[in-house]
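Values quoted throughout were computed directly from the atomic coordinates according to the rules given, and no laboratory measurement underlies them. Fair warning: this is a prediction, and the values are worked out from it, not measured in the lab. Heads up, the Cβs are rebuilt from the backbone with ideal geometry, glycines too, and the neighbour counts pull from every protein chain shown.
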Amino acid sequence: MVGLRAEGGMKKGDSIMSYEPAGDRYESMIYRRVGRSGLKLPAVSLGLWHNFGAVDDTDNARKMIHRAFDLGITHFDLANNYGPPPGSAEETFGRFLARDFATHRDEMIISSKAGWDMWPGPYGNWGSRKYLLASLDQSLGRMGLDYVDIFYHHRPDPDTPLEETMGALDSIVRQGKALYAGISAYPPEETRRAAAELRRLGTPCLIHQPRYSLFDREPEDGLLDVLAEEGIGCIVFSPLAQGLLTDRYLQGIPEDSRAAKPHGFLDRAAVTEGRLAIIRRLGELAGNRGQSLAQMAVAWVLRHSIMTSALIGASRAAHIEDGVSALGNLDFDDGELEAIDRALG
Ligand SMILES: NC(=O)c1ccc[n+]([C@@H]2O[C@H](COP(=O)([O-])OP(=O)(O)OC[C@H]3O[C@@H](n4cnc5c(N)ncnc54)[C@H](OP(=O)(O)O)[C@@H]3O)[C@@H](O)[C@H]2O)c1
């Protein structure tokens with residue numbers, strides 16, 4: 001067992017089904033280089049923000065991880081607060097690691113983050129050195145890992161000096177508890193400053209994780225240019241706008257959907273008639289490309305040459321298959337891109 005310190009990996013109620021990874025798992029996935037680093041990530045990665053918590057169906061969660069790995073998805077993205085309750089997605093994932101991936105740790109890129117509210121008091125949130133070092137130790141404990149591959153500061157902290165937060169990331173890498181450092185949700189100027197500070201410390205900023213989709217194009221206003229100039233990779237979260245950029249909500253709000261769940265971060269109010277009209281128009285354009293809307297939405301974020309990976313979420317294995325199938329058609333001509341812009345209004 002390399003780099004894994006969990007034992008057993010089973011909890012009462014877990015299925016006894018065993019798992020053997022598919023032999024052809026590296027045959028069709030595309031792997032893209034992360035900025036100017038030596039690391040590559042799959043063009044589609046899987047995030048465990050929703051549907052992997054203690055409230056969720058563990059067998060389904062485990063099937064999704066298996067399906068992802070079988071399709072060549074080597075990168076799994078977590079954070080201290082994913083659940084609910086916070087921390088439980090890391091615990092669930094740690095059990096799967098121990099049971100199914102003990103001999104595959106070196107084939108996986110596992111990330112975690114800290115930056116949002118995690119424990120009570122002044123040291124369980126934001127960007128102090130105290131919080132980041134303690135939080136990563138807790139994450140490693142929950143996942144049964146000696147190290148994560150990438151550790152992110154989850155969001156900028158307006159009150160902690162950037163030098164302290166970046167110093168904490170540098171220490172974490174030097175301690176061997178993360179192999180690479182990343183930042184998430186940092187605006188362009190803070191990204192430049194963070195990258196400069198990390199460079200000064202000798203730990204390059206590997207990757208940035210911004211929100212980007214057909215419905216949220218903010219990174220086009222400067223961030224993508226900064227990442228290209230700095231040689232930082234880019235993995236975008238919520239490329240499907242949490243499920244809106246799919247056929248999920250075309251016939252109403254399904255009971256098992258994120259918008260319907262009390263702990264889901266997608267507000268019911270986001271499913272408006274106006275949005276649905278746009279989603280239908282986009283769906284037609286996707287159909288012209290021989291893709292589902294979800295596939296076109298994934299392909300669309302990957303059209304930038306600096307884009308490393310589309311970080312999708314899923315509530316069933318079929319969602320992961322759909323996302324990975326996007327890689328069958330990543331090309332857009334100018335006419336298609338203009339039609340998409342017109343459909344967005
Ligand atoms: N850095 C940050 O601050 C931050 C913030 C948010 C997320 N993230 C990361 O990004 C990951 C992905 O975020 P996300 O879950 O919002 O991504 P997303 O891919 O935009 O949304 C995923 C949801 O879309 C629906 N879906 C996915 N594929 C589908 C398909 N083919 N057809 C129909 N519906 C489909 C599912 O909704 P249902 O569950 O309703 O079925 C799924 O849970 C997270 O897990 C996390 O790792 C990071």
Ranked list, fewest to most other Cβ atoms within 10 Å of each Cβ, for ILE172, ILE340: ILE340, ILE172
Dimensions (Å) - the chain, Cα atoms, principal axes, largest first: 51, 50, 41
Within the chain, helix-based [θ] at 222 nm, where runs of 4 or more DSSP H residues each add -39,500 (n - 2.57), nearest 500: -11000 deg cm²/dmol
Segment TYR31-TRP119, length gained on full extension (0.36 nm per residue, minus Cα span): 28.1 nm
Most fluctuating residue given options LEU227, LEU330, LEU41, as computed from a GNM of the chain linking Cα atoms under 10 Å: LEU330
LEU145 long-range amide H proximity, modeled H, under 5 Å: ARG5
Gaussian network model of the chain, springs between alpha carbon atoms under 10 Å - residue of ARG142, ARG200, ARG211 with greatest fluctuation: ARG200
Candidates GLY141, GLY328, GLY127: whichever shows maximal mean-square fluctuation once the chain is modelled as a Gaussian network with Cα springs under 10 Å: GLY328
Efficiency of FRET between HIS304 and ASN329 - r from beta-carbon atoms, R0 22 angstrom, step 0.05: 0.85
Whichever lysines have a C-alpha closer than 28 Å to that of LYS130, once near sequence neighbours (fewer than 8 apart) are set aside: LYS113, LYS177
Loop-resident sites, region 239-345, for GluC sites (Glu not before Pro), counting at most 12 other Cβ within 10 Å (DSSP): GLU255
Counting all C-alpha pairs of region 102-193, share separated by more than 21 Å (%): 28
Exposure proxy order (Cβ contacts within 10 Å, fewest to most) of MET118, MET108, MET64: MET108, MET118, MET64
